[in-house]
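Student: For reference, the structure I am asking about is given below.
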Amino acid sequence: VPAFVPREKQFNEPADEVASVHAVIHRGERVNYEGRKKVLVRGQNARIVIDTDKPFYKPGETGTNDKVYPLVLLQDPKGNWISQWVDVKPRQGIVDLSFPLASEAAMGKYTIKVDKDMPRGLEATFKMEEYELPKFELVFNVPPLVTTSEEEFQFTVCGRYTYGKPVQGKIKVTLIWSLMDLPKQEENRILSTRIGEYMSQMNKKGCANFTVDMDDLEVNSTAYRSSFFIAAELEEEGTGATNMGIVSAAIATKMVEVNFVNLNPFYKLGFPYMGKMCFTINDVPVKNHTVYLTVDVNDVETHLPYITDEKGEVHFSLDTAKWNNTLVSLRGRYSIVNITEGDLYTVAIVHQEVSTGFNWLKPFYSESNSFLEIQQVEEELPCDQEQEVRVDYILDRNELDPGADHVDFYYLVVSGGRIVLSGQTQVPVGQDETLKGSFSLTLPISSELAPSARLLLYAIFADGEVAADVDVFTVSRCFKHK
């Protein structure tokens, strides 16, 4: 690429430019070929890499580092320049240098810098210290999410030796907003962003339980943050040996995500419409909480309360008899608040706390209002067993032959792109104008159906109309040869 000067860029904007290559091929006075192609031209940036072969060294070891520049300096923890390399010539962009560290060398942080007048970014550091593998570690049991709706939250910190036994001693726990707020031994001042400190003695199991009042977190203040850190320091009984651990905890307001799970976009008039909602905060289930399903039929809303289970889920069944083949909307709500006109504070709170899921349901069309409904099986089906599948039906008697005393239902089971099972079943019917009832199919579950199978069920009427339904089953991953 020839010398290329890109247009003026904003701060931190990459030095890229889109250019065009225009090619023209002439033969005499005629143009035989002309083409244009866009290319991205990227300016070359010199990159300097400084690295050591490891982050920690012991006295007496030799440290190596890689860098590219004519002047390299090495500074000890006291700020003294203890070595320098001048007119360094890299090979293929890499320079290997070494400096022997004396056995009596000062402990602390050493700095490698490319030219003492260069920016701070062109330097690297390493530590020299007497490093020993810690004899014990800290294990945290912290809730995945701390919600503002709770009055308090609890967590546990345990000490464990490398061989698994519990550690006895006393523990200090500090709650902080930022890792920059970690307590430092050389500083006795208390940082303004530190939440609080808690002391405890380890129990026989080597654990300490803590309960924190949500008011201490001040989550409703203007300085609200979405997470904080729990730092713990454990002092071993008898020896005074210490070790420290830290873990983060997420804070959430009542911003709840509502999802409908495997929702059928169609309903069949006369059949119960069944579905499932899932309520989560940052992917953590909202357990044992009253939530609402708002059903809107012809602009008439009905709010149905439910209580979420341990998975944050709600199962519902709706009566469709009065839906009259119209569009119906479903909306999942975490809460329902009556907002008065002009109450801007309440509106702001609702906007922050309530997240909704919304879906439209359409009527399943049938000229004769004849429907089939396969009752869904949610759990995974085990292999080498028979599965009973329940089917509900609503049929118009006029769709059958006048003297018919039964209806033939046909089914296909498809898995892996091929038909694995097929068959039919006869269901006796009476002479009522509307035929309504249910029957069962028994399907053998084998390895041929794994990992999922689709069941198609249908009936063909005298005038050619077809009533049908389809459902998908999850099958355990089994194999023909055990």
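Student: So between Tyr163 and Ser329, what do we pick up on full extension, going 0.36 nm a residue minus the alpha carbon distance?
Tutor: 53.9 nm
Student: Continuing with this model, one more query. Label points 7 Å out from Cα along the Cβ direction at Met199 and Lys287: separation in nm?
Tutor: Going by the 7 Å Cα→Cβ label model, 3.4 nm.
Student: So which aspartates and glutamates pass the test for Lys54, namely a Cα distance under 18 Å, with those fewer than 8 places away in the same chain ruled out?
Tutor: Partners within reach: Asp66, Asp76, Asp96, Glu123, Glu129, Glu130, Glu132.
Student: Okay, next question. In nm, what is the difference between 0.36 nm times the number of residues separating Lys37 and Thr434 and their Cα-Cα distance?
Tutor: Working: separation 397, 0.36 × 397 = 142.92 nm, distance 6.89 nm.
Difference between extended and current length: 136.0 nm.
Student: Which order do the peptides 316-326, 32-42 come out in when sorted by mean C-beta neighbours inside 10 angstrom, highest first? Don't skip to the end; give the middle numbers.
Tutor: Details: 316-326: 13.7, 32-42: 9.9.
Ranked from most to least packed, the peptides come out as 316-326, 32-42.
Every number in this text was worked out from the coordinates using simple rules, so none of it is lab data. Only a predicted model underlies this, so the values are computations on that prediction, with no experimental measurement involved. Cβ coordinates were reconstructed from backbone atoms using ideal geometry, including for glycine residues, and neighbour counts include every protein chain displayed.
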